[in-house]
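Trainee: Here it is, the structure, as structure tokens.
The values are calculated or read from the model by the stated rules, or taken from the named source; none is laboratory data. Computed from a predicted structure; not experimentally measured. Methodologically, a virtual Cβ is constructed for each residue, glycine included, from the backbone with ideal geometry; neighbour enumeration extends over all protein chains shown.
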């Protein structure tokens with residue numbers, strides 16, 4: 001852990017940043033009678049949530065328009081709203097305490113692999129033939145001979161075990177530097193994302209939107225919680241997060257006046273994904289947290305080998321430093337300067353427009369859209385003329401919310417962009 005911290009501190013000073021795609025392996029352990037195993041739609045919802053929280057640049061606070069907040073007061077002088085142009089802040093603290101200005105995007109994408117450690121085609125979804133049971137926090141869960149599921153090569157894959165856990169435990173994750181046999185994340189099936197219209201709160205469960213795994217993934221990528229489980233008011237080694245004295249949960253107080261009992265009594269950042277507030281309350285990592293995660297996945301970082309594993313999303317364009325905390329146009333670079341594409345609006349809901357501009361001789365091109373599982377959800381052919389923009393409207397209202405890859409192929413030229421689709 002000391003070695004990891006030394007590397008992290010050095011990387012913050014001189015390290016470079018890029019986008020990393022991580023291959024996820026889900027080990028679905030048999031559940032006790034009456035428990036419902038997450039469905040394929042739930043897996044898609046969970047991947048979409050991870051990519052929304054870690055990858056997309058569509059977060060409202062990542063644009064340049066949240067630097068000059070305007071506070072709206074009521075007749076008695078109370079704060080009744082905080083706006084910035086036409087875009088509201090999600091919580092008063094985000095403006096008054098400057099939390100919105102600290103928002104960052106990790107630029108980490110999560111996808112299922114295309115091959116297992118032996119080079120055989122694989123989906124990344126593992127269903128071990130072992131007896132159904134409830135698990136405590138024991139190594140036996142990580143071993144097939146003891147009724148669990150042996151991890152795929154943990155240096156190259158992020159292993160996630162989905163199981164029934166005892167005593168209301170939502171999950172736990174191993175930070176970098178621990179033993180290989182238990183390296184990964186364990187999550188209770190009741191906290192896995194569910195593909196339910198209206199989300200978890202509408203169904204009496206505050207943690208069904210998939211952000212429990214987002215939180216645990218943060219730990220896996222070397223983030224500490226905003227409180228210390230061992231030492232009250234312990235530091236999380238991040239410069240732009242307030243120190244909490246305890247976690248906030250679904251019984252918490254989320255008003256502006258909610259303050260920490262630690263030194264200085266800072267206002268708590270309950271919106272931070274490393275707190276324990278309900279899924280609907282959490283929505284951001286800070287720039288300091290992003291720096292720690294990027295150091296973990298850097299070329300020489302403690303989880304650097306995760307960068308090299310092929311996934312169903314490996315054809316996505318590697319992003320550069322242009323995909324940063326300050327990026328506001330929600331677009332990623334294209335592969336070829338001779339073939340340029342634009343997607344708008346982005347984020348989209350019911351539909352979006354794809355605009356293609358080619359410099360190549362007139363010919364047909366194939367337009368394809370893939371979801372986070374790598375499955376094709378849309379395909380069409382279009383004819384391109386050199387220097388003449390071509391547009392097509394793509395209906396997306398029947399797709400699930402998430403991040404989608406738009407690919408245009410014209411001969412040997414290929415361009416890719418990402419579009420975030422949300423529900424109305």
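Trainee: I'd like to check something: does segment 257-270 contain any residue that is under 23 Å from residue 184 (Cβ atoms) and without any contact (Cβ under 8 Å) to a residue 60 or more places away in the chain?
Mentor: Scanning segment 257-270 turns up no residue that is under 23 Å from residue 184 (Cβ atoms) and without any contact (Cβ under 8 Å) to a residue 60 or more places away in the chain.
Trainee: Separate question: For segment 148-178, give me the residue count where each residue is surrounded by 17 or more Cβ atoms within 10 Å (Cβ to Cβ), within 15 Å of residue 27 (Cβ to Cβ) and out of contact with any strand residue (DSSP E or B) (no Cβ under 6 Å at 6 or more places or on another chain).
Mentor: Here the count works out to 3.
Trainee: Only one residue in 367, 408, 403, 419 is part of a strand (DSSP E or B), under 25 Å from residue 25 (Cβ atoms) and touching a residue at least 12 places away in the same chain (Cβ under 8 Å), so which one is that?
Mentor: Testing whether each residue is part of a strand (DSSP E or B), under 25 Å from residue 25 (Cβ atoms) and touching a residue at least 12 places away in the same chain (Cβ under 8 Å) leaves just 403.
Trainee: Can I ask one more? Can you name the number of the only condition in (1) surrounded by fewer than 16 Cβ atoms within 10 Å (Cβ to Cβ); (2) at pLDDT 85 or above; (3) within 18 Å of residue 56 (Cβ to Cβ) that residue 398 fails?
Mentor: (3)
Trainee: Shifting gears a bit: Taking segment 292-309 as the search range and keeping residues that are in a loop (DSSP other than H, G, I, E, B) and under 15 Å from residue 54 (Cβ atoms), which one is farthest from the chain's Cα centre (by Cα)?
Mentor: Out of the qualifying residues, it is 303.
Trainee: I've got another one for you. As an exercise: evaluate residue 174 against (1) in contact (Cβ under 8 Å) with a residue 60 or more places away in the chain; (2) within 28 Å of residue 275 (Cα to Cα); (3) under 25 Å from the mean Cα position of the chain (by Cα) and give the number of the one condition it does not meet.
Mentor: (1)
Trainee: Give, as residue ranges, the strands (runs of 3 or more DSSP E) completely inside segment 1-117 that count at least 1 residues that are at pLDDT 90 or above and either on the phi < 0 side of the Ramachandran plot or surrounded by fewer than 20 Cβ atoms within 10 Å (Cβ to Cβ) (or both).
Mentor: Fully inside segment 1-117 and qualifying: 20-28, 108-111.
Here is a yes/no grid of residues against (1) out of contact with any helix residue (DSSP H, G or I) (no Cβ under 9 Å at 6 or more places or on another chain); (2) surrounded by fewer than 20 Cβ atoms within 10 Å (Cβ to Cβ):
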site: 361; (1), (2): yes, yes
site: 366; (1), (2): yes, yes
site: 379; (1), (2): yes, yes
site: 383; (1), (2): yes, yes
site: 387; (1), (2): yes, yes
site: 403; (1), (2): no, no
site: 406; (1), (2): yes, no
site: 410; (1), (2): yes, no
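Trainee: If we keep just the residues of segment 223-247 that are surrounded by 24 or more Cβ atoms within 10 Å (Cβ to Cβ) and closer than 26 Å to residue 158 by Cα, which is modelled with the highest pLDDT?
Mentor: Ranking the qualifying residues of segment 223-247, first place goes to 223.
Trainee: Among the residues of segment 273-291, how many are over 27 Å from residue 253 (Cβ atoms) and more than 13 Å from the chain's Cα centre (by Cα)?
Mentor: Count: 1.
Trainee: Scan 235, 240 and give me the residue that is over 24 Å from residue 90 (Cβ atoms) and assigned to a loop (DSSP other than H, G, I, E, B).
Mentor: Result: 235 is the single residue among 235, 240 that is over 24 Å from residue 90 (Cβ atoms) and assigned to a loop (DSSP other than H, G, I, E, B).
Trainee: Another question about this same structure. From the set of residues in segment 126-147 that are buried (at least 16 other Cβ atoms within 10 Å of the Cβ) and in contact with a strand residue (DSSP E or B) (Cβ under 6 Å, 6 or more places away or on another chain), which is farthest from residue 295 (Cα to Cα)?
Mentor: Once the filter is applied, the top-ranked residue is 135.
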